[in-house]
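Taking it in order: structure first as structure tokens, then the write-up.
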Amino acid sequence: MKIDVPPQMYGGNPAGLLEYFGLQVDRGPSKSGAEWEISLGPINLIKAQTLHGPALKRCRFDISRAPTPGVPGGMPANMSDDFDRHAQALDAYPNLPSRLERIRQYLIAVPDKDVPAAIEQCSDLLADFTLTHPDGKTEPLFPNHSVHDIRVSDIAYRWSKLPQVFLRLKHNSVAEIVKSSMDDPNALAFRSSGALLEGTVFGGLYFAPLLGSLSPNVWGIGASRLGQIIVYTFGRQIGGRGTGATSHSIDSLGSLTFHSSSRGFDVDALDDDALHKAAYSDAVDWWAERINKTMVDIFAPTSYVDKNGYYAPEAHQRWMLNLEHLLSRVSAITRHPRDEATQLMLMFPAMDILGDSFTGSSGIGQLMSPRRIQKRIAAIEEHVPDRIKPVIMAPAYRALAAANQVADEFFIASSNADATTESRLLQLWNARRNTTHGFGGKGSEIFAEHSGRLPADIVLVPVVYLLDILTDRQKLLERIRRTCQ
């Protein structure tokens, strides 16, 4: 890939700038030029270590290290009073959710040097949680729990900054940028859409869809620090925010609204007793490997080459934002099982991102087709090991069942003699999407034939295409290349 770097950059050391961004220089410019030829060597943005769990013969807490060199982390001193108050409130009601929140809070708050010890300490706490039966007998609640120390390379953050640099250079010269920085040393010179790419700093966003995959049930928790995600899996499912009483007062406002789906969430889709004891732990390792490759493909500058062989910063930034926004919406969907209207409002823009960017579909109706979902599931299954397939694929299977169930809500025959179930569903989904965004027009007559009710699990359809992105690397790269030409 070719890239033009002004010779004044990086204190007159443009080669150093490229090295800072993790790029290899294949050929430097001529004396009077600024064109560099660069490439990318082998690199990992995500590295995961399993420290404890049923997949290991012994615990490996000794291999966990504090960040070197140290990075700012832990709780600022001015927040210690707030931390103590929150901790006391959690300790006052020692139910399972408050204990899990206490673990998460503690892992976020401790200084960097204490993180390895804190990880092991919190693992011991999980191991001590007990389940008491009616007859008084007890047993460990999480006998198959696992612990994962996941690190995000700072190269991911640096790559997110590269297009910001070159987009700014389209507006100002290097001299102008240097002068503005000298006039206001506290101002960031390069911050185009920086606030929208904070996943590269903390990393939790990249694992949230996995831990929320069985929503409204929960099978693990995670704590995000700068460049680090600490994940604990339970080795089993526990109830999340399903039906029943809640300790959150704001949820009482839910009584003011009413939403009835045609079918509720399929919380019985996955039977823990049928799983290998290391399935949940292995799922984290598999996801880390896949999200690493996807991030390398989307965040690496060398993925974005225009028709003349030059770096395309606009496309680079757009695709990074596509991934971040897709992950954030899928994650939010799994966090809101009490509010199906909110989930649907999140699902439609997620499908828009998939349709417009990742698949190039004409309208989301094509992506909601049971036939297409089934085809994608079959392709995904080829890349998922059998031992973890029930965990990884559970939301996809639920989404497919829900997509098929939508057809059950057609209560009259179509007035079009040539209509098929697939064509009616295509029309329905495009119309539902358009009305959600406030668009009217042609196609809304399909509402006269359908009850309007959707199964709760329909909001999991974006997960199918997220899994497709994670497992079909070649298709993703080809799509990126086409948008750059």
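Please calculate how many Å² of accessible area the chain carries per residue, with a 1.4 Å probe and no DNA, RNA or ligand atoms counted.
Here the residues of the chain average 49 Å² of exposed surface.
Would you kindly derive the ³J(HN,Hα) couplings of the stretch 343-349 from the backbone phi angles with the Karplus curve 6.51 cos²θ - 1.76 cosθ + 1.60 (θ = phi - 60°), listing them in order in whole Hz, with x for Gly and Pro?
After applying 6.51 cos²θ - 1.76 cosθ + 1.60, I find 4, 5, 5, 7, 5, 5, x Hz.
For the chain, with the dipole built from +1 on Lys and Arg beta-carbon atoms and -1 on Asp and Glu ones, taken about the Cα centre, which of PRO313, THR294, ALA274 lies farthest toward the positive end?
Value: PRO313.
Ranked highest first by the average count of other Cβ atoms within 10 Å around their residues, in what order do 428-437, 453-462, 90-99 fall?
453-462, 428-437, 90-99
Could you tell me which label, among (i) 24.0, 79; (ii) 39.7, 125; (iii) 24.8, 85, carries the value of Rg and Dmax of the Cα atoms in Å calculated for this structure?
Given (i) 24.0, 79; (ii) 39.7, 125; (iii) 24.8, 85, the calculated one carries the label (iii).
Could you tell me which residue out of PHE142, ILE103, ALA341 lies farthest along the dipole of the chain toward its positive end? Charges go on the beta carbon: Lys and Arg +1, Asp and Glu -1, centred on the Cα centre.
Of the listed residues, the answer is ALA341.
Considering amide H positions built from the backbone, and no H for Pro or chain starts, which residues 5 or more places from ASN217, or on another chain, come under 5 Å of its amide H?
GLY240
Order the peptides 298-308, 205-215 from the highest to the lowest mean number of other Cβ atoms within 10 Å of their residues.
205-215, 298-308
How much net charge surrounds ASP468 when only the other residues with a Cβ under 13 Å from the Cβ of ASP468 are counted, with Lys and Arg +1 and Asp and Glu -1?
+4
Using label points projected 7 Å from each Cα along Cα→Cβ, tell me how many nm separate THR342 and ARG453, to one decimal.
Placing both labels 7 Å along Cα→Cβ, they lie 2.3 nm apart.
Per residue of the stretch 453-459, in order, report the coupling 6.51 cos²θ - 1.76 cosθ + 1.60 (Karplus, θ = phi - 60°) as ³J(HN,Hα) in whole Hz, putting x for Gly and Pro.
Per-residue couplings from phi come out as 7, 10, x, 4, 6, 5, 6 Hz.
Give a residue-ordered list of calculated ³J(HN,Hα) values for the stretch 103-119 (Karplus: 6.51 cos²θ - 1.76 cosθ + 1.60, θ = phi - 60°; whole Hz; x for Gly, Pro).
Once θ is set to phi - 60°, the couplings for the stretch 103-119 become 4, 4, 4, 4, 5, 6, 8, 5, x, 3, 5, 9, 4, x, 5, 5, 4 Hz.
Please state the shape class of the stretch 352-416: rounded when a/c is under 1.5, otherwise prolate if a/b exceeds b/c and oblate if not, all from the C-alpha gyration tensor.
Here the stretch 352-416 falls in the oblate category.
May I ask for the net charge around ASP268, where only other residues with Cβ less than 13 Å from the Cβ of ASP268 are counted and Lys, Arg are +1 while Asp, Glu are -1?
Neighbour charge sum, excluding ASP268 itself: -3.
How much of GLU409 can a 1.4 Å solvent probe reach, expressed as accessible area in Å² and rounded to 10?
Solvent-accessible area, nearest 10 Å²: 40 Å².
Given a 1.4 Å probe and heavy atoms of the protein chains only, how would you sort MET347, MET79, largest accessible area at the top?
MET79, MET347
Let's test the formula: R0 of 56 Å, r as the Cβ-Cβ distance of ARG482 and ARG85. What FRET efficiency results, to the nearest 0.05?
It comes out at approximately 0.55.
With Cβ to Cβ distances under 12 Å as the rule, what net charge do the other residues near GLU37 carry (K, R +1; D, E -1)?
Local net charge: -1.
Of all DSSP beta bridges in the chain, what percent run antiparallel (nearest 5)?
In the chain, approximately 95 percent of DSSP beta bridges are antiparallel ones.
Of TRP319, TRP36, which has the most accessible area with a 1.4 Å probe, and how do the rest follow in descending order?
The ordering from most to least exposed comes out as TRP36, TRP319.
The values are calculated or read from the model by the stated rules, or taken from the named source; none is laboratory data. From a predicted model like this one, the values you see are computed outputs, not experimental measurements. Cβ atoms come from the backbone with ideal geometry, glycine included; neighbour counts cover every protein chain shown. Side chains included, ligands, DNA and RNA excluded: accessible areas come from the protein's heavy atoms. Shrake-Rupley method; radii C 1.70, N 1.55, O 1.52, S 1.80 Å.
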